[in-house]
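The values are calculated or read from the model by the stated rules, or taken from the named source; none is laboratory data. No experiment lies behind these values; they were computed from the predicted model shown. FYI the Cβ positions are ideal-geometry reconstructions off the backbone, even for glycines, and counts take in every protein chain you see.
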């Protein structure tokens, strides 16, 4: 891997809590607060959001991998930062709102490569991504109830959609029932489990496979799948069909189908 020197035509900034790299058309964002087990704080999220926005607007990037260390993807939110916060301040500043802003706007796919702990905000951050790969020792959980509060960045919503009401209730209400990597795989929360030392490489491999497809159709496909959570079946089918029809205005659809008919590998131009 080589550190990216330019994103969207401008020099990449220097970050203090994350690292960014590129490998071909894949960008890798690594949370880098090892002493705090990558505890999530406002500054870290501002850096993540900035990096993701830059990669999202970079035509040379087709997919992103988000990861942490082998010990912890992110062990939760930084409690020291938030313990003295008051309701009025939280409400007026929309506290935690910026945690999801850029991730929810990302057009390009994001793969979370989760090793070690993904607890509280760490579990929520992983679930904000489009695909989750887990290391064999990964642990997923929402322990906020033990701190006198509840998940605030999607833990009650995305987790329920992923694992079902009963398991989500058990995890959120007890704060002590966590999912191992294999349990997360069986429940549908993650797509694959890999040895810890191979996890990021496997995530990059999948991201590279995605990034090699036509960028417009990839982004349309991501948008269509996400709408499955928002629309009724009939509305979702209508939305999907319109995007499918729209792909016929792209150069990559013409190339992809021509290549299939001619029994050759397509050469997508991402237009």
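Okay, here's what the table says:
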read-out	value
Pick from the range 32-46, criterion buried (at least 22 other Cβ atoms within 10 Å of the Cβ) and touching a strand residue (DSSP E or B) at 6+ places or on another chain (Cβ under 6 Å), ranking: farthest from residue 105 (Cα to Cα)	38
Condition broken by residue 143, with the remaining ones in (1) surrounded by fewer than 22 Cβ atoms within 10 Å (Cβ to Cβ); (2) without any contact (Cβ under 8 Å) to a residue 60 or more places away in the chain; (3) closer than 24 Å to residue 80 by Cα satisfied	(2)
One residue from 112, 53, 126 being surrounded by 18 or more Cβ atoms within 10 Å (Cβ to Cβ) and either outside the structural domain of residue 19 (by TED's automatic domain parsing) or touching a helix residue (DSSP H, G or I) at 6+ places or on another chain (Cβ under 9 Å) (or both)	112
Residue, surrounded by the most Cβ atoms within 10 Å (Cβ to Cβ), within the range 70-96, restricted to residues that are at pLDDT below 90, within 17 Å of the chain's Cα centre (by Cα) and not in a strand (DSSP E or B)	76
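Matching residues to (1) in contact (Cβ under 8 Å) with a residue 60 or more places away in the chain; (2) buried (at least 16 other Cβ atoms within 10 Å of the Cβ); (3) not assigned by TED's automatic domain parsing to the domain that holds residue 114:
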| residue | (1), (2), (3) |
| --- | --- |
| 178 | no, yes, no |
| 182 | no, no, no |
| 194 | yes, yes, no |
| 199 | yes, yes, no |
| 203 | yes, yes, no |
